[in-house]
1. Are any of the residues in the range 179-190 in contact (Cβ under 8 Å) with a residue 24 or more places away in the chain, charged (D, E, K, R) and not in a helix (DSSP H, G or I)?
2. Regarding K210, is this residue assigned to a loop (DSSP other than H, G, I, E, B), more than 30 Å from M132 (Cα to Cα) and among the basic types (K, R)?
3. Among the residues of the range 101-120, what is the count of those that are within 17 Å of R222 (Cβ to Cβ) and among the aromatic types (F, W, Y)?
4. Among the residues of the range 167-182, which ones are among the hydrophobic types (A, V, I, L, M, F, W, C) and either modelled with pLDDT under 95 or surrounded by fewer than 18 Cβ atoms within 10 Å (Cβ to Cβ) (or both)?
5. Answer yes or no as to whether P153 is touching a Pro at 6+ places or on another chain (Cβ under 8 Å), over 14 Å from W253 (Cα atoms) and surrounded by fewer than 23 Cβ atoms within 10 Å (Cβ to Cβ).
6. Quick one: count up the residues across the range 232-284 that are basic (K, R), closer than 14 Å to L30 by Cβ and exposed (fewer than 14 other Cβ atoms within 10 Å of the Cβ).
7. Under 7 Å between Cβ atoms, at least 6 apart or on separate chains: pull out the pairs that start in the range 255-284 with a residue that is farther than 20 Å from A218 by Cα and touching a residue at least 40 places away in the same chain (Cβ under 8 Å) and end on any residue that is aromatic (F, W, Y) and surrounded by 12 or more Cβ atoms within 10 Å (Cβ to Cβ).
8. Looking at D235, D197, D221 in this structure, which one is closer than 23 Å to V99 by Cβ, within 19 Å of the chain's Cα centre (by Cα) and part of a helix (DSSP H, G or I)?
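The values are calculated or read from the model by the stated rules, or taken from the named source; none is laboratory data. These numbers were taken from a predicted model, which means no experiment stands behind them. All Cβ positions, even for glycine, are placed from backbone atoms using ideal geometry, and neighbour counts span all protein chains on display.
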Amino acid sequence: METRRHDDEEPPNPVVVVTGCSTGGIGHALARAFAERKCRVVATSRSLRSMAELEHDHRFFLQELDVQSDESVRRAVDAVVDKFGGIDVLVNNAGVQCVGPLAEVPLSAMQQTFDTNVFGTVRMVQAVVPHMATRKRGKIVNVGSVAALASGPWSGTYTASKASIHALTDTLRLELAHFGIDVVSVVPGAIKSNIGDSAIASYNRMPEWKLFKPFEAAIRDRAYFSQKSKTTPTDEFAKHTVAAILKEKPPAWFTYGHYSTAMAIMYHLPLSVRDFILKKAMKG
């Protein structure tokens, strides 16, 4: 007699690959939240040292992975498939911030941002989809940002990269449905993470502004905007996000965290009103 499942979740112990799992970030918290739900978690980062605290936890299979490298992606995906026989869930979380006025940000910095946030995501998708398509099941989760719903001053490179992720995810959802693959946009609000520190580190490598020198303080402040007092705890965000992803029929769009409702409203405002609010908020 066939035993039917009464819940709406994945089969037990799905294999989950999460990119960008450095300690202190959203990916790290997501990896831990998946492990709490009995998933077999492949935590990846450009450096194993950045995930050192997971090293002796048997719930995690750690892989060094640079999403900008074809060879690195191929090697990591092959290692996961060899060990587990397949991949059930891919979470494309690896991303970098880029702060500065678009008229003066070096093109090399913009390319670096898109290489990680956009092309890194596509590189992972293209590596994993053949394995999922063969098995006629799987989930791909792309992490966007509420910032892309209303792009303000000083972070245009980052928000453009995340808007690209939203658009790519919409297309993938339609294209991959034929193969039984669900595609989910996860859109975090202001979540406690180390993105402010990494943003300011990259900002400190920027050239001295010319036209925008008078806005220096406001531009620098933008790097930490999402990390001010009203941020959603990372573990809280991860718990709710993982619960949504593991549903048998996950939502196409999942957003959670401080500012998520406000930014959704901003998206629908007349442009003149949105521009006024963002200029005030970002001192543009």
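1. yes
2. Taking the combined requirement at face value, the residue satisfies it.
3. 0
4. A167, L174, A177, F179
5. yes
6. Count: 0.
7. Close Cβ pairs satisfying both conditions: Y256/F237; G257/F237.
8. D197
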